[in-house]
Amino acid sequence: MMTHLITRQISRRVEKFRKVFTEPMPNKGWIHAIRSALGMTLEQLGSKMKASYQSIQKLENTEIQGSPTLKTMQSVAEALDCQFVYAFIPRISLEKIVEAQAEKKAREIIDQVGHSMSLENQSISKEELEIQIKILKENFKRGNLNKIWE
């Protein structure tokens, strides 16, 4: 039950950010974009970070390639008088992700059972299968959520 509470709490927190973080990274990266917007040269940022302009240029390229460390990004943010934000923003709500996965897992199980029953000439109607899927999905959601990912 605690997992469901945590899911709702985290979902509410990240939902605020989902609306904000829809913009892609600028072509030349955030470091270059913010540095340029501030009118700061590579040398000036390097001076603030006690690094050479070549190091800053390399860092900007590293960001574009997607491989700077979090610690480095935090240091750059400090030098640019910015806050570095690191987050996972779900494309849809966490509840919808759980709902979809619970449904998928329930369908897998019920389809297997339905197939076995049909081999034994005990098949049930599509309507009954859908009811069983819905029941199993709700049981998954009320129970231990890690079962839906197995």
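Observations on the structure shown:
- Exactly one residue among Ser93, Ser116, Ser67 is modelled with pLDDT under 90, within 30 Å of Gly29 (Cβ to Cβ) and among the small types (Gly, Ala, Ser), and that residue is Ser93.
- From Thr72, Thr7, residue being in a helix (DSSP H, G or I), surrounded by 13 or more Cβ atoms within 10 Å (Cβ to Cβ), of a type outside the set (Phe, Trp, Tyr) and free of Cβ contacts under 8 Å to residues at least 24 places away in the same chain: Thr72
- Hey, Leu38 among the hydrophobic types (A, V, I, L, M, F, W, C) and without any contact (Cβ under 8 Å) to a residue 40 or more places away in the chain or not: no
- Residue that is surrounded by the fewest Cβ atoms within 10 Å (Cβ to Cβ), among those in the stretch 92-102 that are in contact (Cβ under 8 Å) with a residue 12 or more places away in the chain and not hydroxyl-bearing (Ser, Thr, Tyr): Glu95
- Flag if Lys105 is part of a helix (DSSP H, G or I) and loosely packed, with under 13 Cβ neighbours inside 10 Å: no
The values are calculated or read from the model by the stated rules, or taken from the named source; none is laboratory data. Here the structure is a predicted model, which is why all the values come from computation and not from measurement. Glycine gets a Cβ as well: all are built from the backbone with ideal geometry, and neighbour counts include every protein chain shown.
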